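Written below as structure tokens is the structure these notes are about.
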Amino acid sequence: MGKIKKILLCEARGPIVDLIEKLSGENADEWLTRLKKCLRQEGDYPIWGKLKTSIYSDDTMLLHELDKSKVVVGIKNSDINLILDTRTAIQKVCSENKVAGTYNLIGITPSDIGFTNLRPTLMEFYTKAFDMGLDLCPATIGPELRLEYEESTYLNIAMKPIVMDDGCSFLFILGGQTYKRLISVIPYEKDKKVNLHHKWLFINKK
């Protein structure tokens, strides 16, 4: 066994020396990024889309833009009425957002990252996505993407929950079968099982 380990170490010495040289060279930043990606076992996921977010001086400005664009804000049916919660959540994330940026959006389903038989909880799905090199979206991506994206595709925004004044927590969703241009909140339930084939939008880790 000791001889086998020695042989393996000898075989690894050359690549290790080569890697150290690259990390010390003129393209060190690029090689460090590649090394981190490899160690995190990141998947090579295609970019679903790109979005530039803004900072809003008035927390009602984005809501007005959504109304002007005839976006349906909030779900209302016999079982649930989230219209007011959605409008309040949009104002809340606008007032709290202090950073503008441009983000590559990565669209994946739980089945894309290895959940093929058993449905994971939301937190299990998030944790696996983090291990694959993905990160949560800033909260304003939901309403800002709704302004730009006109398709009715059902999309979940992977994000930290929006905590309301009454203690309720929500996430944003887009689209759906009933409304073409919908944005709504849904309750944040970290232990709830998620659909294996529903698409969630993440961003790449920095």
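When every alpha-carbon pair in the stretch 153-201 is counted, what percent end up more than 17 Å apart?
For the stretch 153-201, the share of Cα pairs beyond 17 Å comes to 36 percent.
Can you give the Kirkwood hydrodynamic radius for the stretch 47-152, in Å, rounded to one decimal and based on Cα pairs?
About 15.7 Å for the stretch 47-152.
Highest mean first, what order results for 140-146, 62-68, 190-196 on Cβ atoms within 10 Å?
Answer by packing, highest mean first, reads 140-146, 62-68, 190-196.
Seen from all sides and averaged, what is the projected area of the convex hull of the Cα atoms in the stretch 90-191, in nm²?
7.5
Please work out the Kirkwood hydrodynamic radius for the stretch 106-154, using every pair of different C-alpha atoms, and report it in angstroms with one decimal place.
12.5
Using a simple spin-label model with points 7 Å from Cα along the Cα→Cβ vector, what separation in nm is obtained for Asn81 and Asp29?
Each label point is offset 7 Å from its Cα along the Cβ direction, giving 5.4 nm.
Output the pairs from Lys68/Lys128; Lys22/Lys98; Lys76/Lys193 with a Cα-Cα distance over 27 Å in this structure; if there are none, say none.
Correct reply: Lys68/Lys128; Lys22/Lys98.
Throughout, read-outs are computed from the coordinates displayed, never taken from laboratory work. Everything numeric here is computed off the predicted structure, so don't read it as measured data. Every residue, glycine as well, gets a Cβ built from its backbone with ideal geometry; the counts of neighbours run over all protein chains shown.
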